[in-house]
Amino acid sequence: MTNSLERSGALEMQMDKTLNPIPYVLITPARNEERFIEKLIESVIHQTVLPEKWVIVNDGSTDATASIVSRYVEKYDWMELLNLSPRRDRSFAAKVHAFNAGFARVKNLEFEVVGNLDSDLSFEADYLEFLLNKFREDASLGVAGTIFREEGYSSATTVLKVRTTLQVVANYFDVGVSNGLADTSRTRREESIGSQSQRPA
């Protein structure tokens with residue numbers, strides 16, 4: 001049985017999480033994602049904790065990606081559309097280039113966590129708050145993400161491979177990129193990346 005002091009302490013911690021969320025930014029490289037980008041935008045604008053800034057990098061799309069994003073940028077001043085010149089290749093290197101271009105737009109802002117969102121995601125309204133709270137609960141945590149499911153596939157089957165890849169990638173970049181999910185990582189670089197926290201599927 002919990003006493004009133006324990007309950008008030010728990011309530012105070014919960015209020016602190018809500019009133020003083022960890023400041024974060026988001027970057028989304030997007031190329032020809034007109035089928036998915038609006039669903040992602042709707043997921044982000046309905047989050048319980050909004051980012052300081054969200055840069056969507058249009059990496060030379062030839063479809064309606066930029067025009068869809070533009071409609072939302074007009075409504076939300078914390079969103080930005082960055083248009084890059086069209087390029088032929090659609091490689092991981094091109095995606096890294098787009099991410100870095102987006103990161104350059106936020107690097108002088110005050111934030112503790114940077115999120116790398118793929119443009120074909122959607123998630124619950126408390127998804128980013130859940131990830132941010134993992135950083136709050138564990139100061140040694142360097143990267144957080146969740147298992148995802150789509151049409152009969154679950155990333156839970158590849159978690160071990162992802163953790164190995166994640167360590168290599170996190171050592172290379174100042175920010176973490178793991179398994180194509182919405183990943184958030186602390187902005188300070190540490191010798192040890194820490195553990196990866198997973199939300200129950």
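The values are calculated or read from the model by the stated rules, or taken from the named source; none is laboratory data. No experiment lies behind these values; they were computed from the predicted model shown. FYI the Cβ positions are ideal-geometry reconstructions off the backbone, even for glycines, and counts take in every protein chain you see.
Some notes on this structure:
- Filter result (touching a residue at least 24 places away in the same chain (Cβ under 8 Å), small (Gly, Ala, Ser) and surrounded by fewer than 19 Cβ atoms within 10 Å (Cβ to Cβ)) within the stretch 78-107: SER85, ALA94, ALA101
- For the stretch 134-156, the criterion of a residue being modelled with pLDDT under 80, in contact with a Ser or Thr (Cβ under 9 Å, 6 or more places away or on another chain) and assigned to a helix (DSSP H, G or I) is satisfied by at least one position.
- Meets criteria (touching a residue at least 40 places away in the same chain (Cβ under 8 Å) and basic (Lys, Arg)) for LYS39: yes
- Residue list for the stretch 33-58, restricted to those being over 18 Å from the mean Cα position of the chain (by Cα) and surrounded by 15 or more Cβ atoms within 10 Å (Cβ to Cβ): GLU34
- Look at the stretch 108-132: where a residue is on the phi < 0 side of the Ramachandran plot and assigned to a helix (DSSP H, G or I), no partner that is at pLDDT 95 or above and among the small types (Gly, Ala, Ser) sits 6+ places away or on another chain with Cβ atoms under 7 Å.
- Selected residue (criterion: farthest from ASP77 (Cα to Cα)) from residues of the stretch 22-57 that are aliphatic (A, V, I, L, M) and assigned to a strand (DSSP E or B): ALA30
- Flag for ASN83 being among the polar types (S, T, N, Q), modelled with pLDDT under 95 and within 20 Å of the chain's Cα centre (by Cα): no
- Number of the exception - VAL69 against (1) of a type outside the set (Ser, Thr, Tyr); (2) part of a loop (DSSP other than H, G, I, E, B); (3) closer than 15 Å to LEU84 by Cβ: (2)
- The one condition in (1) of a type outside the set (D, E, K, R); (2) outside any helix (DSSP H, G or I); (3) over 25 Å from ILE45 (Cβ atoms) that ALA94 fails to fulfil: (2)
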